[in-house]
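Derivation of every value follows stated rules applied to the coordinates shown; laboratory data play no part. Since this is a predicted model, take the numbers as computed values, not measurements. Methodologically, a virtual Cβ is constructed for each residue, glycine included, from the backbone with ideal geometry; neighbour enumeration extends over all protein chains shown.
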Ligand SMILES: [Fe+2]
Ligand SMILES: [Fe+2]
């Protein structure tokens, strides 16, 4: 029995969105997902998929992508990504009813793994635009967008706190925290998300969303204030699920 995570499957079985344009690693990536997840994950394991599951805009356009995920081994827990247009946060209960026993949608709730509570939300972080000088140093950014971003961060921290609150109320004292967005951006050393992780002494923080060599280092990887941070974007891992805990 083990807990694994993998993010950003970016499936498109029903819509025309070839991923090859994003580099070699994305060539027939759905075959890689199928192959590596089947090699690594066993039926008694749990696999958390950290968002950006499907390019479909509405649920009927995502059915085959979700069916593909359903066929992967183990218990599957899904987090919302910024591209998951099919998933209205307020209608999560409806998705959970419909996919009961097949997929679990993690939003304003939590899941259990051994004595850990798996908590999470999409998260958010300001991603620019940043203004650079000739040496590539940041000399400013789009301030209006930063104001908007703060509102989204507030909303997402409230959702994250709700997930922790429910888990704590149910008696859990050990937490693994999942985000789709990285917990910090390129300007930050810490953020409201890292502070919440510290407040609850999360055993790990797992996130994805960062794509391509130039973005993999955008946020924290490794230990920060005693908590391990793990990036699990599909292309970062070449679609091999990462082991979180045994
Ligand atoms: Fe993504
Ligand atoms: Fe994303």
Expressed in angstrom and rounded, the centroid-to-centroid distance over alpha carbons for segment 142-177 and segment 51-88 is 22
re segment 107-246: pairs of Cα atoms spaced beyond 26 Å account for a percent value of 25
Footprinting proxy, 180, 240: sorted fewest to most Cβ within 10 Å, the residues are 240, 180
Highest GNM mean-square fluctuation among 81, 212, 56, for the chain with Cα springs under 10 Å, belongs to 212
Between the alpha carbon centres of segment 178-246 and segment 2-25 the gap in Å comes to 19
Cα extents of the chain along the principal axes, largest first, in whole Å, come to 51, 45, 31
Ranked by GNM mean-square fluctuation in the chain (Cα springs under 10 Å), the top entry among 116, 131, 200 is 131
Rounded to the nearest 500, the 222 nm mean residue ellipticity computed for the chain from DSSP H runs (n ≥ 4, each -39500 (n - 2.57)) alone is -8000 deg cm²/dmol
Expected max-MSF residue from 121, 50, 92 in the GNM of the chain (alpha carbon, under 10 Å) is 92
